[in-house]
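Colleague: Questions regarding the structure given below will be posed in turn.
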Amino acid sequence: MSSPILKLIAQRIALGIVLLLAVSVLIFAGTQILPGDVAQAILGQSATPESLANLREQLGLNAPAYVRYFHWLGGVLTGDLGTAMSSGQDIATSIKGRLWNTLFLAFWAAIVAVPLAIILGLIAVRYRNGWVDKLISGLALASTSFPEFFIGYVLVYFFAVKWQIFPGISTVYDGMPFGERMQAIALPATALTLVVLAHMMRMTRAAILNVMQSAYVETAELKGLSAFNVIRKHAFPNAIAPIINVVMLNLAYLIVGVVVVEVIFVYPGMGQYLVDHVTKRDVPVVQAVGLIFAAVYITLNIIADIAAIVANPRLRHPK
Amino acid sequence: MSNELEFLSRRVAAGKLSRRDFLGRAAALGIAAPFANSLLSSAARAAGPVKGGTLKAGLVGGESTNSLDPALMMTQVPFAFGKMWGELIVELSPDGKLENRIAEEIGSSPDAKVWTLKIRDGIEFHNGKTVTAEDVAATLERHSDEKSKSGALGYMKGIETIKASGKEVVLTLKEPNADLPYLLSDYHLIIQPNGGKDKPDAGISAGPYKIATNEPGVRHGGERFANYWQGDKMGHADQIEIIVINDATARTAALQGGQVNMINRVEPKIVDLIKRVPGVTIRNHAGPGHYVFIMHCNTAPFDNADLRMALKLAIDREEMLNKVLRGYGSLGNDFPINASYPLFTEIEQRKYDPDKAKFHFKKSGHDGSVLLRTSDVAFPGAVDAAQLFQQSAAKAGITLEIKREPGDGYWSEVWNKQPFCASYWGGRSTQDQMYSTAYLSTADWNDTRFIRPDFDKMVLAARAELDETKRKAMYHDMAVMVRDDGGLILPMFNQFIDATGAKVDGWVDDPHQELMNGYALAKCWLQA
């Protein structure tokens, strides 16, 4: 049994790498067609022809695109992401802290959101079509329907300005005590939880309900198992693949899609870092961040695929 | 009654009466809380600064791309942080006079061409080294180098030689300039050991605070420099911190929630709401910054003086000031100078006059519409302002076609390239600087294409003139020329609108830049 699985997994990973390479080409091409160039953006309103020429020369913007692509790719493969054009800082070093911050926030948001979503989904199925189900679905849908900035501002208004329980700005820094750090991320983590909760909850509910139509569930019910046991023992394990899929999708979102939340709560993560550098046309940074985001997406999708394969024997034997 | 209040406020300052009791007594005397509060703070100011605590500011204008190299400072956060750790040769004081810092004395030759800076004794850098004339000379050399990317290069280019000898630095200029000391107050010119030639972003100078943390785009922190040479005047808080909060709503929430003690750039549209928050004080004051529409005087159809005049008369400045700035500004008069400049003189205010505009428009012979480009990045509310302009011009029979340009690339593709667009100027510290930067025929940023050799001559003559009365008259004539013949439509000067939270004291309005010209964190203190 193990060898076909391993082969499938190896295939998935290989495919992921090819995909990542293709993405790297797209990212590089994409950054080439932005209007204006980095020298112009750095100098802004104070650009003069001489200072522009000086800066272009200094930044090596005069080489052809394909040369710069391979140079860049070679660097990435050896762990060198280059230096930021606008500030001259080493990108890998400055990204490390930012990535860690983003992962930290995503981790705690996920720790709350994933179990909560699945449990709420299970409860909704158990009391399907009753008022509990409707209440859960209604609240979850409402929290998803509001834009992130609105949820963020509402949280800030009540918890930071009115009651002053949590800080409204979440500046974290190296060496910050764990307790303070947790307090600082309380509001952004809550906002993120509210944003992703509904999607996962609804998907869990739908997937389990789908399985509930099956004959074996009916058998289990006829066997006299309690409703929760039917769901827990028979329906949930069979619905796990789509649930993992949507969980992974939301985890990826927690890492790459949190720009707005980071800006509102002034959280020093990847999103803010990317926004700052996009406006400066700082191409190496945009490329590096883009590649990291793509890698996160692809990795989480591979994990979802593999988990689905492991959970569902039928997928192991392609026709 | 007022005697009693004053007596009580002094007791509070002396710590013999609590604030709450004071406010209660004031209310009993029929005094509104804001007035009682301001009375209290002036009493506290008289009692002198309080040392200690941490002052925090939440500021817009910081990015993760910021560097500590003073030459590259551009936006508000590096500017304000620079004033914390950096020390300048001279400082512009709130009343427009010059205050010597590292220079003890500044003297010039009678023709304003050779300037001598005498360097003060016993000022220490954060690394323990004493500030010498060589360091000052090296700093000026670095910023006046043709290859430098310094934001001060434009003015520094006028220096021909820089020599340090003993305690003096001697500057020889290419052309006479009576304003040189004002130029030396530029915030880029932070004095660094060996001028920062070895490591420009080391963050070492002789300012009131040593750099403790520097995370560009996130936060910057400083701790009091024990050997600061003027500890009684600046550096009252033990620690200062700047948190970068670019989102306006988050910034005001941070002030309301007490996470920061002061913020910059409060939006005019929410000022009236913020005013109602207990403990928060709005600090708005006039400055030299202005919102403009610029026409290229050498490009058709704007090469026609009548058309330019028609457009100047077709804008309703008062309406724009009220609607776009909600009154937090002052009327412009189509020349880039206002009362925040030392040698300003009043000129009759130009008013909205659709009939006269119609007359000049007809006389210009132009028919059809006029294309105006605008964008949100030109200045806050630039799109609304353009639409107001369109409406007021329509009443004069002039059709303005508004084109909204993307913010990305506005400064590179539209401003200083297209013949008619909205823009913003932060102003300069002297009239000479303002005119030299944007109105000399040869200026890189001559964004109105104002090419007038007679005007250039006047600028150079005024620069060399040491007699203040004569200079004033010269600047008056230049202003009239720009106003009546130039390509500038200047509807309004904007105010700086900062806000401080409860307990912040020592604030002095400064017309030159926001946040007390950047010194708010260094000069304010927290009430005990």
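Colleague: Can you tell me how many residues in region A:142-184 are under 28 Å from A:LEU122 (Cα atoms), more than 9 Å from chain B (Cβ to nearest Cβ) and under 20 Å from the mean Cα position of the chain (by Cα)?
Modeller: The qualifying residues number 7.
Rundown of residues vs (1) farther than 30 Å from A:TYR69 by Cα; (2) crowded, with 21+ Cβ neighbours inside 10 Å, yes/no style:
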{"residue": "A:VAL263", "(1), (2)": "yes, no"}
{"residue": "A:GLY269", "(1), (2)": "no, yes"}
{"residue": "A:PRO284", "(1), (2)": "no, yes"}
{"residue": "A:VAL289", "(1), (2)": "no, yes"}
{"residue": "A:PHE293", "(1), (2)": "no, no"}
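Colleague: Now for a different question. Quick one: is B:GLY195 modelled with pLDDT under 95, at positive phi, more than 11 Å from every other protein chain (Cβ to nearest Cβ) and open to solvent by less than 10 Å² (accessible area, probe 1.4 Å)?
Modeller: The answer is yes for B:GLY195.
Colleague: Only one of these conditions is not met by B:ALA396: (1) open to solvent by 50 Å² or more (accessible area, probe 1.4 Å); (2) touching a residue at least 40 places away in the same chain (Cβ under 8 Å). Which number is it?
Modeller: It fails just one condition, (1).
Colleague: Then there's this: Any residue at all in region B:211-222 that is modelled with pLDDT under 95 and in a helix (DSSP H, G or I)? Full working, then the answer.
Modeller: First pass over region B:211-222, keeping only residues modelled with pLDDT under 95: B:213-219.
Keeping just the survivors that are in a helix (DSSP H, G or I) gives none.
Scanning region B:211-222 turns up no residue that is modelled with pLDDT under 95 and in a helix (DSSP H, G or I).
Colleague: Shifting gears a bit: Answer yes or no: is there a residue in region B:229-245 that is within 11 Å of chain A (Cβ to nearest Cβ) and part of a loop (DSSP other than H, G, I, E, B).
Modeller: Scanning region B:229-245 turns up at least one residue that is within 11 Å of chain A (Cβ to nearest Cβ) and part of a loop (DSSP other than H, G, I, E, B).
Colleague: Any chance you could count how many residues in region B:369-387 are in a helix (DSSP H, G or I) and open to solvent by 20 Å² or more (accessible area, probe 1.4 Å)?
Modeller: Taking region B:369-387 first, the residues in a helix (DSSP H, G or I) are B:382-387.
After this cut, where a residue has to be open to solvent by 20 Å² or more (accessible area, probe 1.4 Å) as well, the list is B:384, B:387.
Number satisfying all stated conditions: 2.
Colleague: Restricting to region A:157-189, give me the number of residues that are aliphatic (A, V, I, L, M), under 20 Å from A:ASN101 (Cα atoms) and not in a loop (DSSP other than H, G, I, E, B).
Modeller: 6
Colleague: Follow-up question, since we're still on this one. Which ones in region B:472-487 are out of contact with any strand residue (DSSP E or B) (no Cβ under 6 Å at 6 or more places or on another chain), crowded, with 20+ Cβ neighbours inside 10 Å and under 16 Å from B:PHE420 (Cα atoms)?
Modeller: The one that is out of contact with any strand residue (DSSP E or B) (no Cβ under 6 Å at 6 or more places or on another chain), crowded, with 20+ Cβ neighbours inside 10 Å and under 16 Å from B:PHE420 (Cα atoms): B:GLY486.
Colleague: Please work out if A:ILE255 is β-branched (Val, Ile, Thr), part of a helix (DSSP H, G or I) and over 19 Å from A:ALA189 (Cβ atoms).
Modeller: Criteria not met by A:ILE255.
Colleague: Of all helices (runs of 4 or more DSSP H) completely enclosed by region B:254-368, which ones contain at least 2 residues that are in the same structural domain as B:LEU400 (by the TED database) and open to solvent by 10 Å² or more (accessible area, probe 1.4 Å)?
Modeller: Filter on region B:254-368 gives B:305-313, B:317-324, B:354-364.
Colleague: Which one is nearest to the chain's Cα centre (by Cα), of the residues in region A:264-284 that are more than 8 Å from chain B (Cβ to nearest Cβ) and closer than 13 Å to B:ASP247 by Cβ?
Modeller: Looking at residues that are more than 8 Å from chain B (Cβ to nearest Cβ) and closer than 13 Å to B:ASP247 by Cβ, I get A:GLY271.
Colleague: Could you give me the residue pairs with C-beta distances under 9 Å whose first residue belongs to region A:38-56 and is among the basic types (Lys, Arg), whose second residue is part of a helix (DSSP H, G or I) and modelled with pLDDT of 75 or more wherever it lies, and which are 6+ apart or on separate chains?
Modeller: none
Colleague: From the residues in region A:74-89 that are more than 14 Å from chain B (Cβ to nearest Cβ) and among the small types (Gly, Ala, Ser), which one is most open to solvent (accessible area, probe 1.4 Å)?
Modeller: A:GLY79
Colleague: For region B:208-228, enumerate the residues that are open to solvent by less than 40 Å² (accessible area, probe 1.4 Å), hydrophobic (A, V, I, L, M, F, W, C) and away from every other protein chain (no Cβ under 14 Å).
Modeller: Correct list: B:PHE225 only.
The values are calculated or read from the model by the stated rules, or taken from the named source; none is laboratory data. No experiment lies behind these values; they were computed from the predicted model shown. Glycine also receives a Cβ, built like all others from the backbone with ideal geometry; neighbour counts cover every protein chain displayed. In case anyone asks, the SASA skips ligands and DNA or RNA and just uses the protein heavy atoms, side chains included. Shrake-Rupley method; radii C 1.70, N 1.55, O 1.52, S 1.80 Å.
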